[in-house]
Structures are given as C-alpha cells and as structure tokens.
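The values are calculated or read from the model by the stated rules, or taken from the named source; none is laboratory data. In this text, all values refer to a predicted model and were calculated from it rather than measured experimentally. Note that each Cβ is placed from the backbone with ideal geometry, even for glycine, and that neighbours are counted across all protein chains shown. SASA here: full protein model, heavy atoms, side chains in, ligands and nucleic acids out. Shrake-Rupley method; radii C 1.70, N 1.55, O 1.52, S 1.80 Å.
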Amino acid sequence: MVERVRELGVRDARVLDALRAVPRQVFVDPALASRAYEDTALPIGHGQTISQPYIVARTAELALAECPDPKSSKVLEIGTGCGYAAAVLAQLFGTVISIERVRALHELARGNLRPLRIAQLRLAFGDGSLGVPSEAPFDVITAAAAGEEIPPAWIAQLKPGGRIVAPVGSGEQQMTIVSKDAQGRVSRRTSEPVRFVPLRGGTV
C-alpha cells in the first residue's frame, strides 16, 4: 500500500513512515479486512467511507508543506470518520483534535483508536463546519468533506502562518489550500481534483 502511494506521487518520507506506523485493518470492517491495504476507499457505514490511503497521505503532505515545526503544531481534522486519518496525522503533528458530527462514527472511532493509545490525539463530537473554538487557534486544519466554500469559522480559527487543506466544490471538487500570513491576510490555491462526501452542518 505504501509503495503504491509513493508511486502515485507522495514523496514526503515522514508521511510514508506514518502510513507504515498505522495499522489500517484496525479501522476497517472485519468483513473487509482482506481489502484493508488496497489503495481504495471502503464503506464504514452511515453513508461514509474510510478514505483512500493516497488521499490521506496527500492531505498530510500538503498539511506538512511549509510547516516549520510539525511536532509543536496543533491540527484540527474535520470529519473523524473511523479515525484512520486522525491516527496518521497524529504520527506527524504535536496535537490533533478531530471532530465528527455523526455520533455513531464518533463512538466507532473512539473504539478503533483506544488500543493504539495515541496520547496526542483527542476526539470531539460536534458540528465540524463550526470548527472547535475552545481549542483554537490551529496551525493546520484539514477536512474529509467538501463544502461549497471554506467555512468562515475555519479561517477565523486558523493561526497566522497556518494553512487549511480541504476539498471545495459540489460537482467537481478541488483540493484547496488556504494560507493565512503573519498579518492575517488570506490567500488560496487549488491542487488536484478530488471526490469527497459533502460537508454537512449539525449533528446526528
């Protein structure tokens, strides 16, 4: 799996090592265990999927870019899902807060992650489109769901010098990188086309 991700273009050795460190089968339904290390998204219930390993790795690579000190950085992940991407991010950054709006998935992720004992990872239940104001500001914000635009709450909770890595769009989606400079000015650029579930507000 890791070699396949590298062949697809992810070159950051830190990211590839993080993929090796996290056992993906822990996060996959037992009925799909034989496919745990395929480079593909798999269903986890509630209309959601565990993301394709390449996408998890690419998001992490973009999040690391221009981050001067990842191990002292705080990351907010929007959309915990089954917890896999959060576990990968926690190999790379000092603190990871991951929020999920579907209560059943929040509990699933908690159960999946408990045996791994990742001290720097904390899970929150709530509306990710609002961020997590009590934990702000963040050096990096990543998202596993695509909105029409980057929510203003995420930009407000981003530290100067930080970046957001998130898919944007309803039909055609683009991975989008939003940067905030030291003066608080915001700029954005797009990376590659992607396909994510839609970003939704509220909790269920």
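The rows are residues; the columns are (1) of a type in the set (A, V, I, L, M); (2) in a loop (DSSP other than H, G, I, E, B); (3) surrounded by fewer than 24 Cβ atoms within 10 Å (Cβ to Cβ).
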| residue | (1), (2), (3) |
| --- | --- |
| Glu3 | no, no, yes |
| Ser34 | no, no, yes |
| Thr49 | no, no, yes |
| Tyr54 | no, no, yes |
| Pro68 | no, yes, yes |
| Thr80 | no, yes, no |
Q. Tell me, which residue of segment 147-163 that is open to solvent by 60 Å² or more (accessible area, probe 1.4 Å) and touching a strand residue (DSSP E or B) at 6+ places or on another chain (Cβ under 6 Å) is farthest from Gly79 (Cα to Cα)?
A. Pro160
(Q) Criterion first (of a type outside the set (D, E, K, R) and assigned to a helix (DSSP H, G or I)) does Thr142 satisfy it? (A) no
(Q) Name the residue that is modelled with the lowest pLDDT, counting only residues in segment 164-183 that are under 20 Å from Ala65 (Cβ atoms) and exposed (fewer than 14 other Cβ atoms within 10 Å of the Cβ). (A) Ala182
Q | Count - residues of segment 95-121 that are closer than 13 Å to Val75 by Cβ and either in contact with an Asp or Glu (Cβ under 8 Å, 6 or more places away or on another chain) or modelled with pLDDT under 95 (or both) | A | 4
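Each row is one residue, and each column tells you yes or no for (1) modelled with pLDDT of 95 or more; (2) of a type outside the set (D, E, K, R).
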{"position": "Glu3", "(1), (2)": "yes, no"}
{"position": "Leu16", "(1), (2)": "yes, yes"}
{"position": "Asp29", "(1), (2)": "no, no"}
{"position": "Tyr37", "(1), (2)": "yes, yes"}
{"position": "Gly45", "(1), (2)": "no, yes"}
{"position": "Gln48", "(1), (2)": "no, yes"}
{"position": "Ala65", "(1), (2)": "no, yes"}
Q: Out of the residues in segment 5-32 that are part of a helix (DSSP H, G or I) and of a type in the set (Val, Ile, Thr), state the one that is most open to solvent (accessible area, probe 1.4 Å).
A: Val26
